[in-house]
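Written out below as structure tokens is the structure these notes cover.
The values are calculated or read from the model by the stated rules, or taken from the named source; none is laboratory data. From a predicted model like this one, the values you see are computed outputs, not experimental measurements. FYI the Cβ positions are ideal-geometry reconstructions off the backbone, even for glycines, and counts take in every protein chain you see.
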């Protein structure tokens, strides 16, 4: 890869409380936690940290509360070297938060309170136009209001920038939202909801799928199974991620999205970008927590070199 690229990330900032449990609780069930950890999360900030550690210059667009949690969060992101000029301090709302349950297999369930993330609106996106226009790639998710995400995409596309969207957490209104992007990164559950298929049928999708959706690529991550990639040229790829024994899958998808955006911004072709992102996502499952587990560029490249040698 070449000199550092520039990534703008529009998204959420949450303070997470993660509980280790033997299994994800079912309705009406009470479980004893084996441990609890507080950490910084939110898909937007996670992806910003992932892109930064993968080697890019990163600017984050979002909101935090004028509370102690928001102040601590800003200091942590500044220490990562992430630009925060477009992170507004919202006086009337708390910093976003999430409660996460992680089971013995590393799987998770998450409850999110949006807080200040819900103050990210079209007006704030307009105010951050310069941040978007100086980026090589705009990366977004759906933990901020959909109209703001759509407006950011419009500004980026008008400026000739590459737009990567990870439509998570999934909302049923997304397919009809008119939200456009170049690269759509989904997991198998989101892909099934988007396409009206079962997860088991995803390998049988038509070769012209990306073009029919108006995308440069549709990337479907599937945990340990091969990542499926559909291109606008009708090419279908199945790229297997590294084999690991996961400790905690929280943040793995965000690590993938951040690394994928960096690879695209630095000129890698689609197959190489997905392989780079697959390594980042797999490595992120080896430690507990979201941002604490996100790997650096050296670790990603070392893993890829080990696989190829």
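Observations, loosely collected:
- Residue within region 89-110 that is farther than 30 Å from residue 244 by Cα and out of contact with any strand residue (DSSP E or B) (no Cβ under 9 Å at 6 or more places or on another chain) present: no
- Number of the exception - residue 18 against (1) closer than 30 Å to residue 151 by Cβ; (2) under 20 Å from the mean Cα position of the chain (by Cα): (1)
- Number of positions in region 224-264 that are on the phi > 0 side of the Ramachandran plot and without any contact (Cβ under 8 Å) to a residue 60 or more places away in the chain: 1
- Residue 115 being in contact with a strand residue (DSSP E or B) (Cβ under 7 Å, 6 or more places away or on another chain) and surrounded by 22 or more Cβ atoms within 10 Å (Cβ to Cβ): yes
- Among (1) closer than 30 Å to residue 96 by Cβ; (2) surrounded by 14 or more Cβ atoms within 10 Å (Cβ to Cβ); (3) in contact with a helix residue (DSSP H, G or I) (Cβ under 9 Å, 6 or more places away or on another chain), the one test that residue 202 misses: (1)
- Any hit, region 206-220, residues being touching a residue at least 60 places away in the same chain (Cβ under 8 Å) and surrounded by 18 or more Cβ atoms within 10 Å (Cβ to Cβ): no
- Which listed residue is over 15 Å from the mean Cα position of the chain (by Cα) and at pLDDT 95 or above, from 205, 184, 215: 215
- Some residue of region 60-70 being without any contact (Cβ under 8 Å) to a residue 12 or more places away in the chain and out of contact with any strand residue (DSSP E or B) (no Cβ under 7 Å at 6 or more places or on another chain): yes
- Breaking point among (1) closer than 21 Å to residue 307 by Cα; (2) touching a strand residue (DSSP E or B) at 6+ places or on another chain (Cβ under 8 Å); (3) modelled with pLDDT under 95, for residue 248: (1)
- So residue 288, is it closer than 19 Å to residue 98 by Cβ and surrounded by fewer than 24 Cβ atoms within 10 Å (Cβ to Cβ): yes
- Residues satisfying the stated conditions in region 283-303, i.e. part of a helix (DSSP H, G or I) and under 17 Å from residue 261 (Cβ atoms): 283, 291, 297, 300, 301
- All positions within region 43-59 that are touching a strand residue (DSSP E or B) at 6+ places or on another chain (Cβ under 6 Å) and either more than 25 Å from residue 105 (Cβ to Cβ) or modelled with pLDDT under 95 (or both): 44, 48, 51, 52, 56, 57, 58, 59
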